[in-house]
Amino acid sequence: MTSGKGGTSGTETSGSGDIVRTLELLWDTGRRPSRGPKPTLTLDQIVEAAVRVADAEGLESVSMRRVAAELGTGTMSLYRYLPGKAELLDLMLDRVQRPSENPADLGDDGWRSALEAMGRATLDLYRRHPWLLQVNQSRPILGPSALDGMEKVLSRIRPMGLPDVELVSAIIMIDGYVVGAARTQLYQREAERRTGLTDLEFWTAQAPMLEKIMLSGRYPLLASLDENTWGPEFDHFEYGLQRILDGLEVIVARRAEEQS
């Protein structure tokens, strides 16, 4: 694994620990250790400390020993609260993905507004916790945050009138798009950190050679593009998100016609 904040190599897998015990911890986080002296920590404190370490140092730095040091306690004391790192990871995932309690954060103008807000909020989540991109969440443990979030989004997009499986697929589609965009942004930051070159400096270094190549006539279409085509001003994320939503508008209209 790569060290340093936001490292992009190495993958953890959700649901790789004791699934039953993880579910017990997710749905009853106030549960105290059943043996030993009176506990001095809470499970919430342990999970929050692990998230702090992951945010600051990368997911590869999260270990029971490192989290214990963050809390100023002994490593073995953490095992009174949870079996190990695999279960801790699932609790971390649920913690950072808690949905907002503010209804306005899911948009205020129908299903499209809700999905739009969900896409932006998810991108912001990955920006705040880039280590999430190092976790294989293809088989997530469903804790309260995951189900609360899904319930809230589904309640807002139910008026689309799509079959249930298509409603869920719309959420999966946008989430997949956002993950790809977030990963690209993370890689860009990682490249800048590793090379010491900003994006502007990187492309400026290539400019003289690229200008000669464009003048050679070998790439007439590329050479004909507007000079602002590759500029940073254009919001590619927002453009892609809106086109996905435009496509869903077509499907929703078609379904309405079929049912009328």
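Bear in mind that the values in this text are calculations on the coordinates, not laboratory data. Predicted model, so just to flag it, every value in this text is computed and none were measured. Ideal geometry is used to build each Cβ from the backbone, glycine not excepted, and the neighbour counts take in all protein chains shown.
How many times 2.2 N^0.38 Å is the alpha carbon radius of gyration of segment 121-260?
In units of the 2.2 N^0.38 Å rule of thumb, it is 1.43.
Find how much the distance from GLU201 to ASP44 grows on full extension, using 0.36 nm per residue of separation minus their present alpha carbon separation; answer in nm with one decimal.
Contour length minus Cα-Cα distance gives 52.2 nm.
Please state the relative contact order of the chain as a whole percent: Cα pairs under 8 Å, 6+ residues apart?
Worked out over the chain, it gives 22 percent.
Rounded, prolate or oblate, given the Cα gyration tensor of segment 183-260, with a/c below 1.5 counting as rounded?
Note, shape of segment 183-260 comes out oblate.
What translational D, rounded to a whole number of µm²/s, comes out for the chain from Stokes-Einstein when the hydrodynamic radius is the Kirkwood one over Cα pairs, at 25 °C and 0.890 mPa s?
115
Compute the projected area of the convex hull of the Cα atoms of segment 12-96, averaged over all viewing directions, and report it in nm² to one decimal place.
Mean orientational projected area (segment 12-96, Cα hull): 5.1 nm².
Could you identify which residue out of MET76, MET214, MET150 has the top mean-square fluctuation in a GNM of the chain using Cα springs shorter than 10 Å?
Comparing MET76, MET214, MET150 in a Gaussian network model of the chain, the most mobile one is MET214.
For a Förster distance of 22 Å, can you work out the FRET efficiency between the beta-carbons of ARG243 and SER169, rounded to the nearest 0.05?
With R0 = 22 Å, the Cβ-Cβ based efficiency is 0.85.
Residues with amide H under 5 Å of THR13's amide H, sequence separation 5 or more or different chain, H placed in the peptide plane at 1.01 Å from N; which?
Amide H neighbours of THR13: ASN136.
Based on Cβ point charges of +1 for Lys and Arg and -1 for Asp and Glu, what charge dipole magnitude is obtained for the chain about its Cα centre, in debye rounded to the nearest 20?
1180
How high is the relative contact order of segment 12-96, given as a whole-number percent (alpha carbon pairs under 8 Å, six or more residues apart)?
It rounds to 42 percent for segment 12-96.
List residues of segment 117-142, by number, whose backbone nitrogen lies under 13 Å from a label position 7 Å along Cα→C-beta of ALA253.
It comes to no residues whatsoever.
Mind telling me which of GLY240, GLY110, GLY196 comes out most flexible in a GNM of the chain, alpha-carbon contacts under 10 Å?
GLY196
Quick check: the angle from helix 144-157's long axis to the longest principal axis of the chain, C-alpha only, nearest 10 degrees?
40
Run the numbers for VAL20 and ARG128: contour at 0.36 nm per residue of separation, minus the present Cα-Cα distance, in nm.
Residue separation times 0.36 nm, minus the Cα-Cα distance, leaves 36.0 nm.
Okay, helix-only estimate at 222 nm for the chain: each DSSP H run of n ≥ 4 adds -39500 (n - 2.57), divide by all residues, round to 500 deg cm²/dmol; what do you get?
-20000 deg cm²/dmol
Give me the Kirkwood hydrodynamic radius of segment 51-165, using the inverse of the mean 1/r over all pairs of distinct Cα atoms, in Å to one decimal.
So the Kirkwood estimate lands at 16.0 Å.
Given R₀ = 41 Å, what would the calculated FRET efficiency be for TYR219 paired with ASP55, taking r from the Cβ atoms and rounding to 0.05?
Efficiency, from the Cβ-Cβ distance: 0.45.
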